[in-house]
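The values are calculated or read from the model by the stated rules, or taken from the named source; none is laboratory data. If you're wondering where the values come from, they're calculated on a predicted model, not measured in any experiment. Cβ atoms come from the backbone with ideal geometry, glycine included; neighbour counts cover every protein chain shown.
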Amino acid sequence: MQELHRATPRTRRAHRFSLLLLTSLSIGLARPAQAEWTALAGLQRSGAVVTAAAIDLDNGAVIQQLDGSHRLTPASLTKLAVAATALDVWPADKTFQTRVLGVGPFASGKIKGDLIFQSGDSTLDHQALWSLAAQLKGAGVTQVSGKLLVNTAPFGPLGCETKDRCDALRKSDTAYNAPLSAVGVDYGNWCVDVRSTATGEPALVSGCGVAKLPIPIDGSIKTVGATENPTYWIERVTDDDGDRLRVGGAIPLGGAQSMYRAMSDGALGVGLLLKETLDEMNIKVDGNVELSRDPVSASAYPLAVIDGLSLKEQLGRMLRFSNNYIADMLTLNLAAAESPKSAGPLSEAAKTLSEFVGRASVKAGKPAGDGPPLFSGSGLTPENLLSADDLTGLLAAQYRNTRKFPAFYGGLVVPREAPFAFLRVGSPAWLDRVALKTGTMDDPHSVAGIAGYVRKKDGGWIAFAAIVNGGPRMMHVPLYKSMEAMRADIDALLARY
């Protein structure tokens, strides 16, 4: 028979300690491996809607998570999907060509036919138009008897698809809302130079790359004394006759400024600017500027070619400055690469991004499922939805793609050197050991998000993502509150790792 021992006070204390230890271990094992996002959880209790996650890229372990699978409006964090998908399809040094071709007999400087303009370059600028014009001049072209045709294939009608871009079809006093078009220049904008003259005289208003803008200018800007405040303004309006600029106000003596205003039709606008550039180069095009989706004639011959910025340079501009035009034009070009015959509208083209994010999540160990609903690359569409798990899966997949990761990571911003002031505050660790992309939006509810990488003290890496949306109880969460909470939780992560 087993001998029974009477418990002594010491053994009872040891027994209680063992039970406490076992209970603590059980609680620790039952608790998810993810610690809490304390500041974001507090914001969530106040009425915000939150998704957040962080994973250790050394072993794939989830470090901390807060409703990580909940998909919310990500705003410009969608651009991370554009960058990753583009690098999956094309090499980092890929360039996009712009060409001018001739159709018809060419002799004694005269083309008895048309010019065709083609471009897939979302970063084409007005300086590039002068390079093309100079090449035509060097080829001996002095006159074109036909039209200047801007070729928009393979894109069909693109529409506007977001409220800002739809409103900009009739009027715009800014640059970010340029409606998408198959081709464009200066991110789909009219670039306008305003230069003071003499006090009391009208200022000079011209194109940035041409002496005379090819659209009418209504009104004038007055030159005032050097100590007076600038009050000048420019807006683009569109009627049945096309785009025109309305200007007014005053510019101080000695002042000069370049301003950008969205074109209503970027393809037509670039054609008008090229025709004016050619005219100022003494190359006369007798016909009008027209848009065409017809296949380019086999008899067409190249007259001028220019390569745009490399893909990694375009991604850097898109991510660092959150350029919406580049993001959506790359989305359209990705769809065209997948289906060359026709591409568009944007909401259809964005399915390429959704599918890629879905595949990346599976590679990161997430269960297979439908990709997130994405309708634009820019994130201007509030119907876009991404979760923290979607984003950390994407970031993990990019980290492990050793060939493409440098180009992807190089587009992110380190807070200390960020172009936006609200990122350039915080602890030294936040300022120097984080590289991220931001996303913000105000309508129809507030959106603030960050996603990127943390460099650990031991040299390892963490991928993180956090999105804060306004919710039914708090439709608009102030940006500073969202950023304070996200920064505080990242700071806690930095302190631990």
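In this entry, Cys160 passes the filter for residues that are in a loop (DSSP other than H, G, I, E, B), in the same structural domain as Thr277 (by TED's automatic domain parsing), under 19 Å from the mean Cα position of the chain (by Cα) and of a type in the set (A, V, I, L, M, F, W, C).
Residues of the stretch 133-156 that are assigned to a loop (DSSP other than H, G, I, E, B), touching a Gly at 6+ places or on another chain (Cβ under 7 Å) and over 19 Å from Thr277 (Cα atoms): Gly156 alone.
One residue stands out among those in the stretch 69-123 that are surrounded by fewer than 20 Cβ atoms within 10 Å (Cβ to Cβ) and among the hydroxyl-bearing types (Ser, Thr, Tyr): the one that is nearest to Leu334 (Cα to Cα), which is Thr95.
The residue pairs whose first member lies in the stretch 248-270 and is among the aromatic types (Phe, Trp, Tyr) and at pLDDT 95 or above, whose second member is surrounded by fewer than 23 Cβ atoms within 10 Å (Cβ to Cβ) and not in a strand (DSSP E or B), and whose beta carbons are closer than 6 Å, counting only pairs six or more residues apart or on different chains, are Tyr260/Ala175. Within the stretch 253-267, the residues that satisfy the criterion of being buried (at least 18 other Cβ atoms within 10 Å of the Cβ) and in a strand (DSSP E or B) are Met259, Tyr260, Arg261, Ala262.
For the stretch 422-456, what are the residues that are at pLDDT below 95 and of a type in the set (Phe, Trp, Tyr)? Residue satisfying the conditions is Phe422 alone. The residues of the stretch 140-158 that are small (Gly, Ala, Ser) and crowded, with 17+ Cβ neighbours inside 10 Å, listed by number, are Gly146, Ala153. Which of the residues that make up the stretch 201-245 are within 30 Å of Ala134 (Cβ to Cβ), surrounded by fewer than 17 Cβ atoms within 10 Å (Cβ to Cβ) and in contact (Cβ under 8 Å) with a residue 40 or more places away in the chain? Those that are within 30 Å of Ala134 (Cβ to Cβ), surrounded by fewer than 17 Cβ atoms within 10 Å (Cβ to Cβ) and in contact (Cβ under 8 Å) with a residue 40 or more places away in the chain: Ala211, Lys212. For beta carbons closer than 7 Å, sequence separation of 6+ or different chains, a first residue in the stretch 451-480 that is without any contact (Cβ under 8 Å) to a residue 12 or more places away in the chain and a second that is surrounded by fewer than 21 Cβ atoms within 10 Å (Cβ to Cβ) and acidic (Asp, Glu), there are no qualifying pairs.
What residue, among those in the stretch 175-198 that are surrounded by fewer than 20 Cβ atoms within 10 Å (Cβ to Cβ), modelled with pLDDT of 95 or more and not in a strand (DSSP E or B), is nearest to the chain's Cα centre (by Cα)? Going through the qualifying residues, I end up with Thr197. Of the residues making up the stretch 111-132, those that are in a helix (DSSP H, G or I) and closer than 11 Å to Ile306 by Cβ are Gln127, Ala128, Leu129, Trp130, Ser131, Leu132.
Conditions tested, residue by residue: (1) at pLDDT below 95; (2) assigned by TED's automatic domain parsing to the domain that holds Ala451; (3) not small (Gly, Ala, Ser).
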| site | (1), (2), (3) |
| --- | --- |
| Gly358 | yes, yes, no |
| Lys363 | yes, yes, yes |
| Lys366 | yes, yes, yes |
| Thr381 | yes, yes, yes |
| Asp390 | no, yes, yes |
| Leu394 | no, yes, yes |
| Ala407 | no, yes, no |
| Leu412 | no, yes, yes |
| Phe420 | yes, yes, yes |
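Ala128 - would you say it is in contact with a Cys (Cβ under 8 Å, 6 or more places away or on another chain), crowded, with 17+ Cβ neighbours inside 10 Å and not assigned by TED's automatic domain parsing to the domain that holds Arg403? Criteria not met by Ala128.
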